1. From the list 162, 185, 175, pick out the single residue that is of a type outside the set (Gly, Ala, Ser) and either free of Cβ contacts under 8 Å to residues at least 12 places away in the same chain or not assigned by TED's automatic domain parsing to the domain that holds residue 229 (or both).
2. Which residues, taken from the range 225-252, are within 29 Å of the chain's Cα centre (by Cα) and in a loop (DSSP other than H, G, I, E, B)?
3. Taking the residues in the range 404-434 that are free of Cβ contacts under 8 Å to residues at least 60 places away in the same chain and β-branched (Val, Ile, Thr) as candidates, determine which candidate is farthest from residue 364 (Cα to Cα).
4. Cβ-Cβ distance below 8 Å, separation of 6 or more or different chains: which pairs start in the range 188-202 with a residue that is in contact (Cβ under 8 Å) with a residue 60 or more places away in the chain and under 22 Å from residue 265 (Cβ atoms) and end on one that is part of a helix (DSSP H, G or I) and not basic (Lys, Arg)?
5. Which one is nearest to residue 652 (Cα to Cα), of the residues in the range 612-636 that are of a type in the set (A, V, I, L, M, F, W, C) and touching an Asp or Glu at 6+ places or on another chain (Cβ under 6 Å)?
6. With respect to residue 426, is the statement that it is of a type in the set (S, T, N, Q), under 28 Å from residue 158 (Cβ atoms) and buried (at least 18 other Cβ atoms within 10 Å of the Cβ) true?
7. (1) more than 25 Å from residue 249 (Cβ to Cβ); (2) over 24 Å from the mean Cα position of the chain (by Cα): which one isn't true of residue 148, the others all being true?
8. Is at least one residue of the range 355-372 at pLDDT 95 or above and among the small types (Gly, Ala, Ser)?
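The values are calculated or read from the model by the stated rules, or taken from the named source; none is laboratory data. Bear in mind the structure is a predicted one, so any value in this text is a computation, not a measurement. We place every Cβ from the backbone using ideal geometry, glycine too, and count neighbours over all the protein chains shown.
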Amino acid sequence: MWDGYHNNLDTNMETLERKIEQLNSRNNDINEEVNYAQQRSRKKRRVEVKLWQEDVRRITYDVRTLERQEPEVQRLKNAFKRTELGKRVVEMIKEVEKLYENGGFANGLLIDDPTCGHAIPIAESLNETTSVRNKEKIWNFLIDGAVLKIGVQGMGGVGKTTIMKHINNRLLNETYNFSDVIWVTVSKAFKIKNLQRQIAEKLNLDLSDYKDELHSASEIHNMLSQKKRYVLILDDLWKAFPLDKVGIPEPTRDNICKLVLTTRLLEVCTKMNCRTVEMELLADEEALNLFMNNVEGHQTVFTPEVKEITKEVAKKCACLPLAIMTMAGCMRGVNDIREWRNTRNAQQLIDKEEWLFEQLKFSYSRLKDEQEQHCFLYCALYPEDNDIDRKELIEHWIAEGLICKTDNREAMLDKGHTILNNLIKTGLLVKADDIYGEYMKMHDLIRDMALKITLTNPQFMVRAGEGLKRVPQKDWSEDLERVSLMWNDIEQLLSIPPICPHLTTFLFQGNTSKVLRILDSFFLHMTHLKVLDLSYTAIESLPNSIFMLENLHQLLLRDCFQLKYVSSLEKLKALEHFKLIGSKIEEVPQGIKELVNLRKLELSHNDILGMSPCWKLCRLTQLHYLRIQRTKVELSAEELLYLKQLKNLEVQFHNV
């Protein structure tokens with residue numbers, strides 16, 4: 001067998017190259033068929049087709065890597081290396097053949113997709129006359145055939161997004177005007193490529209084969225041109241752009257399409273050639289009614305003096321719905337006249353330029369305790385307009401120590417959900433638009449307030465989702481406590497290790513550059529680091545300084561498809577959560593048996609991961625959660641019997 005791997009390497013390599021070309025030809029045919037059908041009918045690709053295409057891209061990358069390695073192995077004339085490569089080629093031939101066979105899709109490639117749009121859950125009703133008037137202005141322009149582009153303009157917190165959510169849902173219900181609605185949230189960090197990606201996702205259009213903006217624009221334009229009678233809503237736009245650069249057809253009377261954008265900047269409406277709707281502020285009486293409606297019914301008793309103060313408090317919110325709702329949220333259930341007077345007095349001291357910041361900060365200052373305040377500020381680490389996963393966030397809080405540690409993990413999770421629910425009740429967070437309620441969002445003004453607080457104490461560096469390539473050395477302060485550089489295009493992290501002795505969280509996931517270089521000693525002076533997320537990056541091996549982080553509680557490595565090596569974990573004795581999913585690691589990392597505090601272990605979708613001599617699962621007696629699927633790691637029922645704390649188990653048994 002081993003001789004065969006050695007002697008037949010050249011022939012097998014040719015076979016592999018031929019078969020991978022056949023596989024990619026099938027994938028290209030499927031893409032063309034799906035895209036063509038989507039342009040002409042209300043269909044979308046099946047989930048199993050998407051997953052299959054992801055596997056095709058992954059194995060194509062692996063084959064190209066082998067092709068680059070082969071000349072070097074041939075040059076060295078090393079029999080062992082040649083045999084090892086030959087074995088891997090044979091394994092990949094089998095995998096490519098299986099993928100090709102699975103690409104038949106007997107059930108078809110597509111399922112019905114009646115609309116790209118979806119109804120958006122809305123907590124806020126529009127009862128105020130001014131809000132209704134603002135909404136009707138926009139609606140009348142939408143059904144006016146002469147108005148093709150509409151710009152909804154107003155300051156932050158005035159209710160632009162809320163009104164457009166109501167209009168989105170009305171458009172979906174009254175389909176005789178338009179057959180589809182496409183909603184995209186743009187935000188400050190505007191990039192043509194990102195906007196193309198978001199629109200493509202709404203259209204179920206796969207742009208993975210198109211690396212440049214021009215080809216992506218062409219595909220988007222083709223699909224939108226076929227749809228007709230749609231409304232495209234671009235929420236929170238900060239910069240004007242040419243529609244053709246993205247691939248958005250110019251709205252005309254013939255295609256019966258409309259573009260609606262919301263923005264704080266009048267110049268954006270002007271440059272985009274929009275008919276502008278300037279949002280009117282609430283009248284004083286409407287502001288008071290909105291405030292009272294959101295405070296009443298929560299065990300709040302209104303004495304005559306309290307009623308007088310509520311008028312002043314509501315008026316000081318400058319008739320902005322966001323400020324009113326946030327202030328009302330933190331005053332629910334308050335019956336002590338002294339607290340109401342204190343609220344009024346605090347407002348009277350506000351500098352005019354800082355009034356909105358102080359209105360929002362007031363709600364932050366009234367949170368129950370410092371724990372809730374720190375939990376709230378942690379949410380600002382996520383990019384603007386980003387959906388925040390409840391479970392992921394609470395896991396970070398637990399790892400950080402923001403939730404007091406107990407032996408009862410379920411109690412800690414319950415405490416996290418309780419804190420989140422309170423942040424939602426006070427208006428500092430809102431539920432996102434998912435049907436399961438497992439995600440939240442932070443309004444961009446509230447996020448700005450949180451980031452302003454974190455300029456001093458506690459000190460954060462947040463540059464999430466800004467399209468960065470590098471971060472200057474000067475931005476790394478010794479006082480930093482948390483850093484978020486997630487979802488950028490960073491290729492290299494400094495040439496000198498930063499000195500950040502107080503840093504506890506470093507979020508770096510989603511840096512999608514093709515190459516990622518991190519200094520081996522980068523983490524050397526981060527001795528108190530507890531949370532480290534390097535998921536969705538092109539990292540090939542972890543810096544050695546990571547394995548010296550003796551206070552690290554959470555190490556997350558999801559879909560690091562180029563990761564080939566993880567050094568010994570034996571010094572990471574404080575580690576409680578280790579996630580290694582979707583990598584090229586061949587053996588379970590050394591030292592894993594020493595992680596006696598490990599509570600959560602995830603090793604799934606590492607197709608070539610096998611056991612090593614260090615594998616002693618029975619020693620991990622604190623495990624609550626174990627997930628090992630689609631690997632070569634062999635587990636036995638006898639080993640699992642030692643794990644007395646285990647609550648969640650997702651494993652694949654071999655030879656059963």
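1. Numbers: 162 fails: either free of Cβ contacts under 8 Å to residues at least 12 places away in the same chain or not assigned by TED's automatic domain parsing to the domain that holds residue 229 (or both); 185 fails: either free of Cβ contacts under 8 Å to residues at least 12 places away in the same chain or not assigned by TED's automatic domain parsing to the domain that holds residue 229 (or both).
Criteria check complete, one pass: 175.
2. Across the range 225-252, the qualifying residues are 236, 237, 238, 239, 240, 241, 242, 247, 248, 249.
3. The selected residue is 406.
4. Correct list of pairs: 188/444.
5. This residue is 617.
6. So residue 426 fits the description; yes.
7. It fails just one condition, (1).
8. No: the range 355-372 contains no residue that is at pLDDT 95 or above and among the small types (Gly, Ala, Ser).
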